[in-house]
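One structure below.
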Amino acid sequence: MRRSRLRGLLRGLRGSGPRLLRFIVLPAMLIAGWEASVRLGLLNPVFLPPPSRILAAAQQLLVTGELFRNFADSLQRIALANLVAIVTAVPLGFFMGLYRPFEEMMDGLVNLIRPIPPLAWIPLSILWFGLGEKSVVFITLISAFFAILLNTIAGVRGVDKSLIRAALSLGATRRVLITKVVLPATLPSLFTGLRIALGVSWMSIVAAELIASSSGLGFMINYYRELLRSDLILVGMLSIGIIGFLMDRGLQWLERRLLPWRVAFEL
Amino acid sequence: MVIKVDIVNVSKTYGDEEDGDFVHALDDVSMAVQEGEFVSLIGPSGCGKSTLLHIVAGFEHATRGRVSINGRPVAGPGADRGMVFQDYALFPWMTVIDNVTFGLKLRGMAARRCQEIAREYIGLVGLDGFENRFPHQLSGGMRQRCALARSVANNPDVLLMDEPLAAIDALTRNALQEEILKVCDARADRPRKSVIYVTHSIEEAVFLSDRIVVMTPRPGRVLEVIPVPFDHPRNDGTRLTPAFQQLAGKIWGTLKSYVGPREGALP
């Protein structure tokens, strides 16, 4: 009896109509269970405040403008870091992908530095740039840089050999080959690199702001830890989750708009 | 008769001849293609027919011997040799018309004139109305029509085709064989194309060619050169004539002993 009802529920979740339902059913159950556990005294609200408290805290941070201010600071740093990463890593990745000897020359260095976690750079960057803006941007830049660099190299390497040969047989010179064939063929990988870079940017910026900054979402989270305000900490964490998700979706949307041919290209 | 492509004592070896770990892909192959002649290379896998085509195209270098086009030795890929690939090699980010004008624009031709020529050839291969589609919106047969238009519109001295119909379904293939002959035919402003056509299909070679070069594997050698006497234009009626069937049967008889269960296996 119970089994058949469960099966009925699962069947109801199939198909394209209830896609949204499938998407929210697990979070909704989690939130309901969470709220109930705290109210029933199963969880200590100091360690894990109930969703209703978090909602109230979010409202408070929104009204005072504190959430937006810190968000804007973090976002600005991420934008700056990623801009610098694109401007440096894309040309470098292109040269490394195109010229084998240059790639061999750089390969050792890149692979030596790459495994060092961006966070391990924090002490050195504080020493170099002091506490504040520059350090945070530097740490974020390092994480974004390698994501973009590696995807650019892979993109250039992965250009279909037939396309290169076709272009050469149509009379393409080396310059035309790079600008009209290799560059557009690499764009999907560049997008992938940028999406990964934005993802890791949020990871490292929060850590950097925890230590080296007096503003930003990372700082905010750490600040409220000192005040034991777990509800406000959770507001900060959830904000990062939501923003990260929206940015990734935004880039996906942009990619579909700009590179409509990509889907079929991958098949 | 003017010799368009002259292949003299060409050998190709992969690997190192010194340490004994090498493969003779081509062994002392000589042949010539006259102006306006359609020559097919046919033979079992490993007979070096694609390698020979790639050497003529300039994608690979001969280990020994020489290839010249209009008396000039081949130094690399160039617009004088148009290439049609099995996998189409269309630029996925360009529409049909942009693909076809790619080579024309590189010649410094005025944009209007590029469009005119491109539309003429797009019409010739039966793709009118599809000028602004992207390759991923086309069927396999239509993609190959587009690739054919792109190569021929660029007016190369020699057209090189590497199993262009191998990935096309059997019904479309028959139709496309006629299209290929039509496109390569003499036109008001240009003579009949000289073609080297690589194929696995005896029927296809007989239908298309003026001469068939039968090759044998390990090492790749020319076994026999067979003239095909049928008049142009050729159509479905040509395929049904006894002479056509006889010739196809004769070639199969020649090749049969080279195609066996042991031939496909690696040594």
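Derivation of every value follows stated rules applied to the coordinates shown; laboratory data play no part. All of these numbers come straight from a predicted model, not from anything done at the bench. When we count neighbours, we look across all protein chains shown, and the Cβ atoms used for this are built from the backbone with ideal geometry, even at glycine.
Numbers at a glance
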{"read-out": "Mean-position separation - Cα centroids, the stretch B:183-205 and the stretch A:38-88, in angstrom", "value": "68 Å"}
{"read-out": "With at most 12 other Cβ atoms within 10 Å, longest stretch of chain B clear of loop GluC sites (Glu not before Pro) (DSSP)", "value": "B:19-267"}
{"read-out": "Furthest towards positive pole of dipole, B:PRO227, B:GLY76, B:ASN132, structure part chain B, Cβ charges", "value": "B:ASN132"}
{"read-out": "Length-normalised contact order of the stretch A:137-267 in % [C-alpha pairs under 8 Å, at least 6 apart]", "value": "26 percent"}
{"read-out": "Size of charge dipole - the protein assembly as shown - debye, nearest 20, with Cβ of Lys, Arg +1 and Asp, Glu -1, no other charges", "value": "1780 debye"}
{"read-out": "Ratio Rg/Rh, restricted to the protein assembly as shown and using Cα atoms, in which Rh is the Kirkwood radius", "value": "1.13"}
{"read-out": "Principal-axis tilt of helix A:100-113 within chain A, Cα atoms, nearest 10 degrees", "value": "30 degrees"}
{"read-out": "For chain A, built as a Gaussian network whose Cα springs stay under 10 Å, the top-fluctuating residue of A:LEU20, A:LEU127, A:LEU177", "value": "A:LEU20"}
{"read-out": "Residues of type lysines that B:LYS12 reaches as a straight line, Cα spacing below 20 Å, ignoring anything fewer than 8 places off in the same chain", "value": "B:LYS49"}
{"read-out": "Net charge contributed by nearby residues that have their C-beta within less than 13 Å of B:VAL183 (K/R +1, D/E -1)", "value": "+3"}
{"read-out": "Positive-pole candidate from A:SER201, A:GLY158, B:ILE122, dipole of the protein assembly as shown, charges at beta carbon", "value": "A:SER201"}
{"read-out": "Per residue convex hull volume, Cα atoms of the stretch A:53-266, in Å³", "value": "132 Å³"}
{"read-out": "Relative contact order %, chain A, counting alpha carbon pairs below 8 Å whose residues are six or more apart", "value": "22 percent"}
{"read-out": "Degrees separating the helix B:140-153 axis from the principal Cα axis of chain B, which is the longest one", "value": "80 degrees"}
{"read-out": "Percent RCO, i.e. relative contact order, over chain B, from Cα pairs under 8 Å lying at least 6 residues apart", "value": "26 percent"}
{"read-out": "Given charges at beta-carbon only (K, R positive; D, E negative), |dipole| of chain A in Debye", "value": "1400 debye"}
{"read-out": "Distance from the stretch A:20-36 to the stretch B:33-99 (C-alpha centre basis), Å", "value": "61 Å"}
{"read-out": "Radius 13 Å from Cβ of B:ARG72, net charge of other residues (Lys, Arg +1; Asp, Glu -1)", "value": "0"}
{"read-out": "Förster radius 51 Å - calculated FRET efficiency between A:ARG157 and A:LEU43, Cβ distance, rounded to 0.05", "value": "0.50"}
{"read-out": "Residue order, fewest to most surrounding Cβ atoms within 10 angstrom, among A:THR179, B:THR13, B:THR216", "value": "A:THR179, B:THR13, B:THR216"}
{"read-out": "Chain B: angle of helix B:242-256 to the longest principal axis, Cα-based, in degrees nearest 10", "value": "50 degrees"}
{"read-out": "Approximate spin-label separation A:ARG225-B:SER45, in nm, with each point projected 7 Å along Cα-to-Cβ", "value": "6.0 nm"}
{"read-out": "Point-to-point label distance, A:GLN60-A:LEU246, nm (Cα→Cβ direction, 7 Å offset)", "value": "2.3 nm"}
{"read-out": "Summed residue charge, Cβ within 13 Å of B:GLN34's Cβ, Lys/Arg positive, Asp/Glu negative", "value": "-1"}
